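**Student:** Take this structure first; my questions come after.
The numbers here are math on the coordinates, done by the rules we state, and not lab data. Note that this is a predicted model, so its numbers are computed, not measured. Cβ coordinates were reconstructed from backbone atoms using ideal geometry, including for glycine residues, and neighbour counts include every protein chain displayed.
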Amino acid sequence: MAFARHLFALLLLLAACSGRAAPLKPLSVYFFDVGQGDAALIVSPSGKTVLIDAGPPEADERLAPRVRELVQGPLDLVILTHPHLDHLGGMVRILQTVGARRFMDPGFDHPSEAYRKLLEVVGRDVGQVMTPTPNPNNPEAPLTIGLGEGTSLSIFWPRVPQQPFLKDTRSDPNSNSIVARLSHGGTSFLFTGDAEPETEAALLARSVDLRATVLKVAHHGGRYSSTAPFLAAVRPQAAVISCGAGNEYGHPTAEALQRLGAQGARVLRTDRDGEVLAVSDGDRVTFTTRKGNTPPLVVSGGPAGPSTPLAPSVDVPPRTAPSKTEHTAPPPAGTGPTRYVGLKGSKVFHREDCATLRRSKTQGRTIYTDRDAALRERRPSEDCKP
Ligand SMILES: [Zn+2]
Ligand SMILES: [Zn+2]
């Protein structure tokens, strides 16, 4: 017993010295490669599973077996963010082959054959049907669903009956998409379905904390969504866009990509990267991608942190199975974009917030605002790995 107590004390001391809380059990979020559509699976640290959307009909045959591989027993919850075909196409098969204990959709009426068929299957096969209605005893707070071990999912939109559905927007089904935030320790994920600017404005008008480490970009990177004020409130470190290669809508649009870039978010895209897996230890989120076109990366959590751009990292060769390489995210350093610094007489460059620089002379420094420019003249320093 004495030994166990000493060990415990030592572990506490180590956690305190490292300046970080001990990592939590991992939370995984899979952003499936479904072509032009959305489908994501949450697997909580205690094994609770939530599927958010189920891709377009074309992905139907591939998606159900993939979800089956990852989920034993029925899904704890299936969320349909809104009744468009690129989000519900694979849902009936998943309900029939994997099963679900609970189903939630916005409750927004939509006169399509596919949605009617889905509701039929839901009514027959799913135990409980939920709406995102806030708790009447605390109507200002979002409906929050516990996923065990402190992980939870809060539904920010819609808020019927406290607030009516948005009407006369570019697309009312999109505008009333379920918007939900998943929290795990100091990290969080914001799922936005196909939210429109009106949805973003409605959320901004409320005093909800929208900050998130990872943003599932609204409407496949469409040009109207992901407005600058919304992104400034979310302050994502990383953004995942689910869209099909060469899709006819031109998703993701240059406008949305530009706004995400201006916010300093690293973008991952299912059309280029294939399936994207994000794993959170409560402190940091590590991304691995199926195709590996985007370098694997780690973003620090703590939604309160400034939106510091991540360290660009080296290209990795394409691979067939997800692999993992860790690049430690830079510590928060002001709100501007990361700059790089070369010291006079040295062939390397550092991240501006590198500890080595703080001990070096300030004269004769070369400042680079872009890493590529620095790379043309110098190599990355070993200590801060810019
Ligand atoms: Zn969509
Ligand atoms: Zn839609």
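**Student:** So for region 22-300: antiparallel DSSP bridges make up what percent, rounded to the nearest 5?
**Tutor:** Counting DSSP beta bridges with both partners in region 22-300, the antiparallel share is about 65 percent.
**Student:** HN-Hα J couplings of region 75-88 from phi, Karplus 6.51/-1.76/1.60, θ = phi - 60°, integer Hz, Gly and Pro as x?
**Tutor:** Values per residue, Gly and Pro as x: 5, 6, 8, 10, 10, 9, 5, 6, x, 8, 4, 6, 10, 10 Hz.
**Student:** Could you tally the net charge around residue 76, taking each other residue with its Cβ under 13 Å from the Cβ of residue 76, Lys/Arg +1 and Asp/Glu -1?
**Tutor:** +3
**Student:** Read phi for every residue in region 136-142 and hand back ³J(HN,Hα) as whole Hz from Karplus 6.51 cos²θ - 1.76 cosθ + 1.60, θ = phi - 60°, with x for Gly and Pro.
**Tutor:** Whole-Hz 3J(HN,Hα) from phi for region 136-142: x, 6, 9, x, 6, 7, x.
**Student:** Next up: Once a ≥ b ≥ c are taken as the square roots of the eigenvalues of the Cα gyration tensor of region 177-261, is the result rounded (a/c under 1.5), prolate (a/b larger than b/c) or oblate (a/b not larger than b/c)?
**Tutor:** Because a/c hits 1.5 or more and a/b exceeds b/c, region 177-261 counts as prolate.
**Student:** List the residues, sorted by chain then number, that are 5 or more residues from residue 145 or on another chain and whose placed amide H is less than 5 Å from its amide H.
**Tutor:** Correct list: 153, 154, 155.
**Student:** Now for a different question. Which order do peptides 257-266, 366-375, 273-282 fall in by mean Cβ count within 10 Å, highest first?
**Tutor:** 273-282, 257-266, 366-375
**Student:** Still on this structure: So for region 93-230, averaging the separation of alpha carbon pairs under 8 Å that are six or more residues apart and normalising by length, what relative contact order in percent results?
**Tutor:** Across region 93-230, relative contact order equals 17 percent.
**Student:** Take the alpha carbon gyration tensor of region 22-300, find the square roots of its eigenvalues, order them as a ≥ b ≥ c, and report rounded if a/c is under 1.5; if not, report prolate when a/b exceeds b/c, else oblate.
**Tutor:** Rounded, because the longest to shortest axis ratio a/c is under 1.5.
**Student:** Still on this structure, I have one more. Going by average Cβ neighbours within 10 Å, how do the peptides 143-152, 115-124 rank, with the highest at the top?
**Tutor:** 143-152, 115-124
**Student:** May I ask you to evaluate 6.51 cos²θ - 1.76 cosθ + 1.60, the Karplus curve with θ = phi - 60°, for each residue of region 195-201 and list the ³J(HN,Hα) values in order in whole Hz, giving x for glycine and proline?
**Tutor:** Karplus values, whole Hz, x for Gly and Pro: 3, 9, x, 5, 5, 4, 5.
**Student:** Which entries of 25/117; 344/385; 167/216; 25/216; 216/347 have Cα-Cα distances beyond 29 Å here?
**Tutor:** In this structure, 25/117; 216/347 exceed 29 Å between Cα atoms.
**Student:** Another question, if that's okay. Can you tell me, using C-alpha contacts under 8 Å and at least 6 residues apart, the relative contact order of region 22-300 as a whole percent?
**Tutor:** So the answer I get is 18 percent.
**Student:** Report the net charge of residues surrounding residue 196, where surrounding means a beta-carbon distance below 10 angstrom and charges are Lys +1, Arg +1, Asp -1, Glu -1.
**Tutor:** Cβ neighbours under 10 Å give a net charge of -3.
**Student:** Based on the mean of other Cβ atoms within 10 Å per residue, sort peptides 59-69, 153-163 so the most packed one is first.
**Tutor:** 153-163, 59-69
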